[in-house]
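Quick note: the coordinates plus some simple rules give every number you see, no bench work behind them. Every value quoted in this text rests on a predicted model; they were computed, and no experiment measured them. In this analysis, Cβ positions are derived from the backbone assuming ideal geometry, glycine residues included, and neighbour counts consider all displayed protein chains.
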Amino acid sequence: MNRSGGELKPVEVLEVLWRELKDNYPMMEYAGFLDDSLLDEYRGRVMEASDWASAYRLMEELVNRLNDYHTRLEWPGKPVLLTPPIRLTLVEEGVIAVLEADKSTSLKPGDVVLAVDDVDAMKTFQGLLERAFGATVYARRRWALTQMLLGKPGSRVKLTVYRLGAGVFDVRLVRRRWSRGGKVVSYRRLNAEAGYIRIAAFLEGAGFTKLFDDALEALRETRYLVIDVRDNGGGSDGSAEAVIGRFIDRPVLCSISFLRRPGTNVYDKAVAVAKPRGPWRYKGRVAVLINAGCCSACEHFVSGMREAGALLVGEPTTGACGWSRRINLPGGAVLYVSKTFPIHGKTPSPLNGIRPHVEVRLSLRDLREGRDKVLETALEALEVEGGWFEPPDFDLSLL
């Protein structure tokens, strides 16, 4: 029911949604929206929607135009969609290939996907890319490749695949939840001089900090260290800062965020700084492996490590505005909207992400041979004398 007592219409929800975005989103103008033209574009389409579900999907499409993973729309009855237990990637040869797959699928990294449900895979991908969601080209590719596989839980999808030495064949996979497993923090020696630490998420609390400290202690005598945060979706900024603290002898800047006061153009500045921590600091060379799966607190970590002098290797992070505010809309829908506009290093990360010093693209050969080209590239760069990126001379007192 609307304010006048009549039946609530989807276009009325759209109007409220747009007003809340304008009053709360930290930087509509930066995202390219200087007036109400986007609202005008969607108003007619929402009015013509055949049902509420179709109208909500259009509203979600509007919200996605901000390309901000901290800003999203939820609504009653929103369907849950899943992929089969595989991940796809676009390799440097310009084809779609399996990046990883659960053993139950019989697929292997490097298998080329030719069609999805008998529709040309590349044409589908290119069509989705035109309206893809994400701050960078890598993030938009990732979104489009996921969308190709999404469907109702338990439903099946048919993939037509080419495998070197086996030719073309079909597989039918069930869409279901899939956990890649693994520990939150794991580590190993790569060789006599180099260590490797994998951080899957920045969990909050002393337990996470101890896990990392134990891993670092085990690799204390190494000359080189690789920290892998690929596909780390974030967690606690404080935990990210605690890790950074083991690599610095002075405070370093992680981010500067501008928190918008709702309904105004007044912003409060928040400066996040990592400080030295622990009984000793690692003095060897450090590389951080990143990709478009690095989000939120993980970008906070990547930014701080870059300021600390670490070498970033891989592909750009996704980038977004920060934190999130819940806003209830008429009819039961909920808008989650970012609250802050962050700067990581010297560049706003929204719509940019954080770029690596060394960008790496995978090839079919890399996947088929089981090579981790990003890790190999990082090790090679660390071992080159003069290849170390010194911490910038940044005076925090200026903030």
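Key figures for this structure:
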item: Cα centre as origin, Lys/Arg/Asp/Glu Cβ charges: segment 86-174 dipole, Debye; result: 300 debye
item: Summed side-chain charge close to Y25 - residues other than Y25 whose Cβ falls under 13 Å, Lys, Arg +1, Asp, Glu -1; result: +4
item: For the chain, with +1 on Lys and Arg beta carbons and -1 on Asp and Glu, the positive-most of Y196, P356, F247 along the dipole; result: Y196
item: Where only C-alpha atoms are counted, convex hull volume of the chain per residue in Å³; result: 160 Å³
item: Mean Cα-pair separation over length for segment 313-389, i.e. relative contact order, pairs under 8 Å, 6 or more apart, %; result: 33 percent
item: The chain - Cys residues lacking any other Cys C-beta under 4.7 Å; result: C254, C295, C321
item: Distant-in-sequence amide H partners of C254 (H built 1.01 Å from N, under 5 Å); result: A272, V273, A274
item: Dipole magnitude of the chain, debye to nearest 20 (Cβ charges: Lys/Arg +1, Asp/Glu -1, about Cα centre); result: 980 debye
item: Loop sites in segment 49-148: trypsin sites (Lys or Arg not before Pro), DSSP, at most 14 other Cβ within 10 Å; result: R131
item: Helical mean residue ellipticity (222 nm; -39500 (n - 2.57) per DSSP H run of 4+; nearest 500) of the chain; result: -8000 deg cm²/dmol
item: Among L164, L329, L219, residue whose mean-square fluctuation peaks in a GNM of the chain (springs only between Cα atoms under 10 Å); result: L164
item: Cβ-defined net charge surrounding L114, 14 Å radius [Lys, Arg +1; Asp, Glu -1]; result: -3
item: Relative contact order (%) - criterion: Cα under 8 Å, at least six apart; region: the chain; result: 17 percent
item: Neighbour net charge for S303 - beta-carbon separation under 14 angstrom, K R +1, D E -1; result: -1
item: Most positive-pole-ward Cα, S37, S106, L81, against dipole of segment 28-150 from beta carbon charges; result: S106
item: More than 23 angstrom apart: percent of Cα pairs within segment 86-174; result: 18 percent
item: Anchor K9: lysines whose Cα lies under 18 Å away (excluding residues fewer than 8 positions away in-chain); result: K78
item: Cα shape, segment 33-192, gyration tensor, a/c 1.5 rule; result: prolate
item: Coil-residue GluC sites (Glu not before Pro) of segment 143-242, DSSP, other Cβ within 10 Å capped at 16; result: E193, E204, E221
item: Percent RCO, i.e. relative contact order, over segment 86-174, from Cα pairs under 8 Å lying at least 6 residues apart; result: 25 percent
item: Share of Cα-Cα pairs in segment 205-296 lying beyond 24 Å, as whole percent; result: 29 percent
